[in-house]
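One structure is given here, and the rest of the page talks about it.
Values quoted throughout were computed directly from the atomic coordinates according to the rules given, and no laboratory measurement underlies them. Computed from a prediction, not measured in an experiment: that's the story for all the values here. Cβ placement follows ideal geometry from the backbone for every residue including glycine, while neighbour counts extend to all protein chains displayed.
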Amino acid sequence: MRVVDLDRDMSDVIPTGTTRDSNFLFERMTEVTLACAEPGPGRRILDVASGFGQDSLALAARGAWVVGAEPSARMTAWARLVSEKQSAAGAAGHGSATWVRGWSDALPFRSACFDAALCKGAIDHFDRPELAIGEMARVVRPGGRVVLAIANFESIACRLARWQDAVATWRGRPPGRGRRHYDVPADHFTRYDVDLMREQAARFVDLDRVIGVSMGWGFGPWTRATGRLPEGVAQRALQWLDAWAERSPELADVVVLVGRPRTSRSAA
Ligand SMILES: C[S@@+](CC[C@H](N)C(=O)[O-])C[C@H]1O[C@@H](n2cnc3c(N)ncnc32)[C@H](O)[C@@H]1O
């Protein structure tokens, strides 16, 4: 039996806007992922597991022709609603996308019909992630781009937090109940680290770039420090760690992998 939640509405996802390091991570992950799809006039881009559709709309606002593919009826309806509202309001810089209900492992599109396919913050929710990457590579034209943005559960922040909790437990003060940020949420099927990301992606794409995004997210002392520091200082510190993460994806909070569909020649 396939275990999926078609009524998913993201209400259980980590709330953004609560801490500076969360804001920074989510904004930066979006910025890097969308830029890697190279949106622009005439580009055909597929957003796999498009959720509420905010990324599809942002890509469309940059002139691309965008399809958001998403299995959840609730999230697809939400995306349509937001899109229609923006159109009705004549929102400046607004673009429109096409919404399709579809599973990532059987994308309802012809082969090689997109210039780029991206999947942000979703592949660890898939029950068949490798099939999904294979499908993304299939629907992207040769030389086009496959972009995956994935949370790293072996980030330096996860490792430090695990170590901190182990010390606290050893000292007889175990952390409170509830999921720790280094624990994989119940709705994830895969716990990714950079090696696993590379291994799965490289079966279907020739990787051009593996980019780390943000460092330190969710590690208590760092989250509190960024909250207390003056805004400008906190932003510079977050940017400095982000620049470090970019070059050291194994330490980063999120990793963005960018590649081209493998051809029979490159696979040989
Ligand atoms: C955390 S949300 C991410 C949504 C969006 N990409 C974003 O960044 O906001 C994960 C999404 O994956 C979708 N999903 C789960 N399993 C899927 C599957 N097998 N194929 C396609 N989408 C799936 C869910 O419906 C949900 O919209």
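Values computed for the structure shown
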| quantity | calculated |
| --- | --- |
| Set of the stretch 200-217 residues, backbone N closer than 20 Å to the point 7 Å along the Cα-Cβ line of residue 250 | 200-203, 207-217 |
| Inter-label distance for residue 89 and residue 162, nm, one decimal - labels placed 7 Å from Cα along Cα-to-Cβ | 4.3 nm |
| Cβ-derived FRET efficiency at R0 22 Å, residue 239 paired with residue 82, nearest 0.05 | 0.15 |
| Segment residue 198-residue 31, length gained on full extension (0.36 nm per residue, minus Cα span) | 58.0 nm |
| Per-residue HN-Hα couplings for the stretch 69-78 [Karplus 6.51, -1.76, 1.60; θ = phi - 60°; Hz; x = Gly/Pro] | 10, 7, x, 6, 5, 5, 6, 5, 5, 5 |
| Share antiparallel - DSSP beta bridges, the chain, percent rounded to 5 | 45 percent |
| Gain upon complete extension [residue 130, residue 208; 0.36 nm per residue less C-alpha separation] | 26.2 nm |
| Residue 228/residue 187 FRET efficiency (R0 35 Å; Cβ-Cβ; nearest 0.05) | 0.60 |
| Within the chain, helix-based [θ] at 222 nm, where runs of 4 or more DSSP H residues each add -39,500 (n - 2.57), nearest 500 | -12500 deg cm²/dmol |
| Furthest towards positive pole of dipole, 65, 36, 119, structure part the chain, Cβ charges | 36 |
| Highest-first arrangement of 134-140, 186-192, where packing means the average Cβ count within 10 Å | 134-140, 186-192 |
| Packing-based order for 104-110, 174-180, 157-163, 212-218, using average beta carbon neighbours within 10 Å, highest first | 212-218, 157-163, 104-110, 174-180 |
